[in-house]
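As structure tokens, the structure follows; a few thoughts come after it.
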Amino acid sequence: MAESFSKIEGTKEDKYQHLLSQVKAVVEGECDMIANMANVASMLHETFGFWWTGFYRVLPVSSAEKGEQTLVLGPFQGPLACTRIKKGKGVCGSAWLREETVIVPDVDMFPGHIACSSLSRSEIVVPVKKDGQVIAVLDIDSKELATFDETDKEYLEAISRLL
Ligand code: SME
């Protein structure tokens, strides 16, 4: 477990580099995925001041229907969010279906975008994979247009591989 969390000034890349080493330290000392997701959401949110930062986990729709899966809200920072998202729905469900990161510069231009908050303007969703399977997605929303680019994709994918 990292002794403490510290923020640094600098470019986006500088901040991600610093964050990556802090995430490594946190995750190394803890094997529980939810605890690690909670700390990663917090560290990303604190570092960049995003509007919403959190995880949706891939879980069975119900214990009676073991085959069918859905995204269920996990650890997050920010305002209240919708709890369940079906495969292929919204940006989160699309990233899960495509098994790849989806960057949305303007949420109004994304057909089927799920507006948990009307203040969200741009978004990135990164699949979290274990043994080749998507087990969760990391979803980040910004109040500004076009916040996310290839740098965010690269570092957020690196962070998701540490979980
Ligand atoms: N906008 C997401 C829904 C989740 S919230 O942003 C927290 C989507 O379209 O999947």
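The values are calculated or read from the model by the stated rules, or taken from the named source; none is laboratory data. These numbers come from a predicted model, not from an experiment. Methodologically, a virtual Cβ is constructed for each residue, glycine included, from the backbone with ideal geometry; neighbour enumeration extends over all protein chains shown. Heads up: the accessible areas ignore ligands, DNA and RNA and are worked out on the full protein's heavy atoms, side chains in. Shrake-Rupley method; radii C 1.70, N 1.55, O 1.52, S 1.80 Å.
Points to keep in mind about this one:
- Residue match in region 110-125 (condition: of a type in the set (Ser, Thr, Tyr), touching a helix residue (DSSP H, G or I) at 6+ places or on another chain (Cβ under 8 Å) and open to solvent by less than 20 Å² (accessible area, probe 1.4 Å)): yes
- Candidates LEU71, LEU59, filtered to the one that is within 16 Å of the ligand (Cβ to nearest atom) and out of contact with any Gly (no Cβ under 8 Å at 6 or more places or on another chain): LEU59
- Scan of region 87-128 for residues that are more than 10 Å from the ligand (Cβ to nearest atom), over 17 Å from PHE50 (Cβ atoms) and not aliphatic (A, V, I, L, M), ordered by number: LYS87, GLY88, ARG98, GLU99, GLU100, ASP108, PRO111, PRO127
- Counted residues, region 36-85 - those being among the hydrophobic types (A, V, I, L, M, F, W, C), outside any loop (DSSP other than H, G, I, E, B) and modelled with pLDDT under 95: 1
- Residue in region 80-93 that is in contact with a Leu (Cβ under 6 Å, 6 or more places away or on another chain), more than 11 Å from ASP139 (Cβ to Cβ) and open to solvent by 60 Å² or more (accessible area, probe 1.4 Å) present: yes
- Check on GLU46, open to solvent by 70 Å² or more (accessible area, probe 1.4 Å) and closer than 21 Å to VAL128 by Cα: yes
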